[in-house]
Every structure is written in C-alpha cells, then in structure tokens.
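Have a look at the structure below before the remarks.
The values are calculated or read from the model by the stated rules, or taken from the named source; none is laboratory data. Just so it is clear, the model here is predicted, and its values are computed rather than measured. Don't worry about glycine lacking a Cβ; one is built from the backbone with ideal geometry, like all the others, and counts go over all protein chains shown. Surface accessibility is based on the protein's heavy atoms, side chains included, excluding ligands, DNA and RNA. Shrake-Rupley method; radii C 1.70, N 1.55, O 1.52, S 1.80 Å.
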Amino acid sequence: MDKKIIVNFDYRATRVAVMEDHKLVELYIERPLQNRVVGNIYKGIVANVLPGMQAAFIDIGMEKNAFLYVDDVFSDLGDDGLPASTPNNRRLPIEKLLKAGEEIMVQVIKEPFGTKGTRVTCSITLPGRYLVLVPGADHVGVSRRIEDQAEKDRLRQEVLKFKPEEHGLIIRTVAEGATTEMLKKDLQFLLQLWQRVSSRFQQKEAPVVIYQDLALTSRIARDLLTDEVNSFLIDNKQEYDRVLEILDYISPHLKKKVKLYREQALIFERYGVEKEIQKALERQVWLKSGGYVVFDETEALTVIDVNTGRYTGRRRLRETILKTNLEAAVEITRQIRLRDIGGIIVIDFIDMDLEEHRQRVLDRLNQCLKRDRTKTYVLGITSLGLVEMTRKKVRQDLSAVLQQPCPHCNGTGRVLTPVVVSTRIEGELKKLLPREKDEAVLIEMHHEVAALVIGTGGCHLKKLEEELGKHIFVRGSEDLHMEKYRVVATGNLEKIKRMALPVSPGEAMEVLIEEPHTANSSHGIARLEGYVINVEGAGEAVGQKLNIEITEVSRTFARATIINSGR
C-alpha cells in the first residue's frame, strides 16, 4: 500500500492529509484561533457537584465549565489533588469523591461540541513515541492493533522489567519491533515530562493549563509517521525543520521519508486533496460501479444508505446487490474516517436474502475498519438488515470544522466558513492572476470573506500582492453568496483605483449607519458599493441616515466625520 502524509501550512491553518493508495482517508485541521484542547492537562477547580447526575463541573479557565463523570474520577485522589499511586477502584458516589472549591488535575478527553462543554478525566495519560505513561495506575497495556501475539508478549515482558511501581504504561502500535533501549529512552522522557507537569500543578494558580500537547504537524510525526509511510511531504520550511528535530530524538531512521515540497503548484491541488475534501462535504458519494451512498448526520446518530443507482449488473440480482454492498463497505469505512464521524452509526445496505452474502459484507466492513485508529465497534446486523456500529467521538467532524449553518436558508443547509472560502479564493487567484497582463484588478466578494482576504490593516492583501506581483483591490458585498466572488475589472493602476475608491477626501454625502465598529463602539460603519466608511461618533446612530464628510481615504476603507446640521 502506498501511504503518504501531506502537510499544507499557512498563517490561517495547518492541514494534514493522510493518503492511502492515492485516496484521502484522514484529514486533520488546526487553526491558531481554534486551538485543540484534547490532551491538554489543567489545574482546575470543582465548580459544583451534581449527585443526581453523578457528575461534577470543573472550572478549567474556558468559557464553559468542563464535565467530569463519576467513572472518570480517581476514587483515591491524593491530598495534593494528584492521582494517587494506588487508586481505589471501588465505585463511590460523586459527593464522596469531590467537594466544591477543591483543586484537582484533569485532562481533556473530548472537545466541546455545539452547546456541550469539554469532557475531562482525572486519569492522566502522557503520550510518547512508543509508550503512554498513566500516572497513578499499575497496569501494562498493549495496543489492540498489534496483531502478532508473540510480539505483544515480548513487548509486555520487556516493559514489565523497567515499569515504575507508581505508574502504568500502554504500549503503542508503533512500538512493534522496538528495542528495549528505545522503550527505556521513551519512558525516561515521559517521566521527566510528568515531573514538570506535577511541579506546575503545585506552583500555578487554578484554573490554568499546565500541559499542552504538540502542535499538529509534530503530533502527526510522532503518532503516524512509521515505516509503513512512503513519504511525509511538507510545504513549509519551518514545519519541515521542526519535524526533523523531533525525529532526531524519536526515530532518526525515518528522517529520509520527510521531504520539503518545493513545486509551484499548491500541494493539496497537486495531490488531488482539495477535490476529495469537497466530495467529503457532499451528502451523496458515487461508487465506481454506478451505485451510490448517502450520508445523513444528526446530533444523535449518522445514517448511511446504500443504493444500486445506475448499476444494474450483468447477471442475477443477488450478484448485483452483493457487488454494490461490498464496494460500498470499502467506501463507507473511508468516508467515516475522512469525515471523522463519531457516535452511533447505522448502515442500511441493500437487502440480502443469503446469510453468506450478509457475512461477506460484514467481514469486508470489519477488515477495512482495522485501518481506523479511532475505536470502532461493529455490533452486527439487526433483524431489519441494518448494520449498527459505534465510533468514539473525540473531536468535531469534518463538516462542523469546514462548514457553518447557511445564512441564506436559515440553517437548513450549510455553506463553507469565511476562513475556508478566503483560502479557496486566494488559491484561485494564485492560478488566475499570473496569466493576467494588466497590472491591477478589482475583485468583489462577500464582505466577511473580504475582511479575511484583506487582513488587519491590509497585511494579508499586501502579502498576496507581493507574491503575485499585482495591485489587488478587494470590495466587500452583502449581496454576493458567501462562497462566490467575481472579478469586476482589470486594467492599469489609476483606472482600477478610481473604480475601487468611490469617495475622495472632502466629499460630503448622506449614508446609512449599518453597524457599530467592532473595535471601537463609539464609531459607526457605513458602506458605499461595498466600500467601508468608518464614521467617527456614529456608534449610537445605527439605522439612521447621517450627513458626513470624508476625511481620509485608503484602499480598504475611508474615515469620515458627521456634518452638524447647524454648521
């Protein structure tokens, strides 16, 4: 199997694509403004204890308190709030374990979803390359994905020789074939890390984060880069150097697989990732045979329906149905991983009347799911012919990350977020504008997208101009669909400037104040043909028409003052 890991890095987001046999199977996205919190360790304060729910809410410094269920609480927390070295595992009511105002160490195990806050546990885990340290536990576990029983036994016996008495260890999948020295070195690093975390817990004032996991690219290098990976491509020099530094410590022999991508074509375009992402956001996915699969996601569960579609088969109906279902099983498992669907999943395969055929489809499904790193359980086929399965939900699925409720249809559909749209528009401009002979261009797009393309003080637009060697004028519009843009005109600089700047200093006019300024509420915002006018002192005049005078004009906005009626 040809396996590649492809990293696309820019100032908006880091995106990592995992490709198997030239098909996208996993996508990870991390944005600077939307930091990942799973794996983070906090010194928190028990906000309140709810005996009726057998749970507690923990203040960890986030907007919403984190949820801690009784089964995730150590029954014998030490007096210092740290996991005890010999936890008492007997079940006790939550009110016997925790008190309001108590300071405890917790780790995030689930990202916040919608109206739900983060989910935390008192059972701390620190991942290394080959091992996971579990402070306060006393067991040695081995990854279920290591199938060779002899290797499992070897690894367990080796680790038992040097396991600390006060800590448990989990042997990771990547440890298969690792030497004793490699395992010991990893444990030494984890013990030092735990010592630092413990010290921060004692020194810091709650609520506060005391440990953050690695950034996305480094985390992927630690967790996913193995001998099975053919290449690890990165399009950013700093990220490339950072990965090499990490591999110097954990797996020097894998450095040869890491390559700095230098081609002119955008890396996700070059390997067809952008098209695959677009398909993963669609409700219907076509199969090569002509059949298709439909994905319907709700808050409680995901329903997947298989249909023969255009495929009519060549011989008998049973063969047609079996072939469609077998092909669908492969595509469904890929889409579940790619879309990162979690929770309850129900698959409605086309009805099969032969038990042999049903078992073949179920076996194919289970076989393909072995590649999934997320815990998944297939519960079998019900009397109605439905396959029931569950998949651990740790983070938001792909559609929640890349899309938002559509403002044009009151949430019944979805559109791409302004961040994603701005990235796509910039990508299209990078392909379009180098072929344009004129020196300047005027582009119109939705005003939220325009604000991101321009950036604070025009910083992002300036970078884009320097890269493309063009003068680019951006005009925002409320009338354009969020995902659309249009090139209004091209030409010499003076011509485009006159079109793009509809006002001039000293000009007087009447405008409607549409909204207060986001950074200074005493000012109001008006728009003229999508061009922003910042009116001083008009923050309380939203919805009113005012006479103003333009005082300053820039490429992205103008300043103005109110003309007094008695003047």
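Taking a probe of 1.4 angstrom, what is the accessible area of Leu287 in Å², to the nearest 10?
The accessible area of Leu287 comes to roughly 10 Å².
Just to be sure I understand the model, the point goes 7 Å from the Cα along the line to the Cβ. What's the resulting Lys255 to Met509 distance in nm?
Distance between label points: 6.0 nm.
Per residue, how much accessible area does the stretch 82-229 have with a 1.4 Å probe, in Å²?
Using a 1.4 Å probe on heavy atoms only, each residue of the stretch 82-229 averages 49 Å².
If Ser199, Ser218 are ordered by their accessible area, calculated over protein heavy atoms with a 1.4 Å probe, which sequence runs from highest to lowest?
Of Ser199, Ser218, the descending order of accessible area is Ser199, Ser218.
Quickly work out the Asp296-to-Lys116 label distance, labels modelled 7 Å from Cα along the C-beta direction, and quote it in nm with one decimal.
In this crude spin-label approximation the distance works out to 2.2 nm.
Can you compute the FRET efficiency between Glu356 and Asp479 using 1/(1 + (r/R0)^6), with r the Cβ-Cβ distance and R0 = 56 Å? Round to the nearest 0.05.
E between Glu356 and Asp479, to the nearest 0.05, is 0.45.
If I stretch the segment between Lys375 and Met1 completely, what's the gain in nm (0.36 nm per residue apart, minus their alpha carbon distance), one decimal?
Taking Lys375 through Met1 to full extension adds about 132.4 nm, to one decimal.
Take the alpha carbon atoms of the stretch 245-299, find their center, do the same for the stretch 188-216, and report the distance between the two centers in whole angstrom.
33
Students often get this wrong: which residues of the stretch 464-499 have the backbone nitrogen under 14 Å from the point 7 angstrom along Cα-to-C-beta of Glu448?
Counting backbone N atoms under 14 Å from the label point, the list is 477-484.
Give me the Debye-computed log₁₀ of I(q)/I(0) at q = 0.10, 0.13 Å⁻¹ for the stretch 408-567, equal point scatterers on Cα only, no solvent, two decimals.
Results for the stretch 408-567 at q = 0.10, 0.13 Å⁻¹ read -0.40, -0.66.
Restricting the count to DSSP beta bridges whose residues both fall in the chain, what percent are antiparallel, rounded to a multiple of 5?
The antiparallel proportion sits near 75 percent.
What number results when the radius of gyration of the stretch 262-355, computed over Cα atoms, is divided by 2.2 N^0.38 Å?
Dividing the Cα Rg of the stretch 262-355 by 2.2 N^0.38 Å gives 1.27.
Would you work out what percent of the accessible area of the chain, with all protein chains in place, is carbon or sulfur (probe 1.4 Å)?
On the chain, the fraction of accessible area on carbon and sulfur atoms equals 48 percent.
So what's the gap between the Cα centers of the stretch 517-544 and the stretch 404-460, to the nearest angstrom?
23
How long is the chain along each principal axis, judged by its Cα atoms, biggest number first, in Å?
86, 72, 51 Å, listed from the longest principal axis down.
Quick one: if you stick a label point 7 Å off each Cα along the C-beta vector at Leu501 and Asp153, how many nm between them?
Result for the modelled spin labels: 8.1 nm.
Pop the C-beta distance of Thr180 and Ile563 into the FRET formula with R0 = 60 Å and round what comes out to the nearest 0.05.
So the FRET efficiency works out to roughly 0.15.
Please report the antiparallel percentage of DSSP beta bridges with both residues in the stretch 437-567, rounded to the nearest 5.
The antiparallel proportion sits near 70 percent.
Report the extension gain between Ala541 and Arg144 in nm, rounded to one decimal, defined as 0.36 nm multiplied by the number of residues separating them, less their alpha carbon distance.
Here the segment from Ala541 to Arg144 would lengthen by 136.5 nm.
Past 20 Å, Cα to Cα, is the threshold; run Lys163/Lys255; Lys275/Lys437; Lys237/Lys257; Lys43/Lys64; Lys4/Lys255; Lys184/Lys237 against it and keep the listed order.
As for pairs spanning more than 20 Å Cα to Cα, those are Lys163/Lys255; Lys275/Lys437; Lys184/Lys237.
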